[in-house]
Amino acid sequence: MTAIRRAYIIPRLMQTPSLPLPDKIDPWRLAAESGRLEGTLALAALPRLAAVLDHLNGAVSVSLVAGIDHQGIRSITGGLRTVIELTCQRCLEPLPWPLDVTVNLGLVRNEAAAHRLPDEYEPLLVAEGFIRVADLVEDELLLALPQIPRHVDVQECEANDYRAPSSEPAPNTEPVQPFATLASLLPSKRSH
Ligand SMILES: [Zn+2]
């Protein structure tokens, strides 16, 4: 009996050469073709996000894959990473804020389909045609912004000459001031 020769299948390279991010995608077609979106977008190219930031330096790195899951749902999943600069609402000093956003979008063509979507997905309503990649990325980043950005440790604020008032109100009674307008920036289709 001859020894069984094992055939080792060399996996294809996981990393395909990265192409620049397209300006627009047809998400349904991207899912059908198991396409990828890899690249970076300048924060300055995201006007709704820019409206709430002090500085527009930097970029967001985009790493998304489209496909069809085992339930037959067309999806765009992956992650977005960036560091934005907000203003601490306690000491009013700059506050670098890392955003590491997990994206789990399920494509739907109408509201009814959005309601049927499993909970693990957030609906992306696209009847047909193209959407701008920048819009998709910007929506996800806006949803991930903190309502009241503050240094995690009050000592960091005190290092910036912040002095706590003698009777600091309980955190949940603080007014949601500058970021209360955020909801109005978000697309209504996400308020499911
Ligand atoms: Zn602070």
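Any read-out appearing in this document is the output of simple, stated calculations on the displayed coordinates, not a laboratory observation. Being a predicted model, the structure only gives us computed values, none of them experimental.
Mean sequence separation of contacting Cα pairs (under 8 Å, at least six apart), scaled by the length of region 24-147, corresponds to a relative contact order of 25 percent. Of all DSSP beta bridges confined to region 24-147, the antiparallel ones make up roughly 90%. Remark: region 107-116, residue by residue, has Karplus-estimated 3J(HN,Hα) of 6, 9, 9, 7, 4, 4, 5, 4, 5, 7 Hz, where x stands for each Gly or Pro and the curve is 6.51 cos²θ - 1.76 cosθ + 1.60 at θ = phi - 60°.
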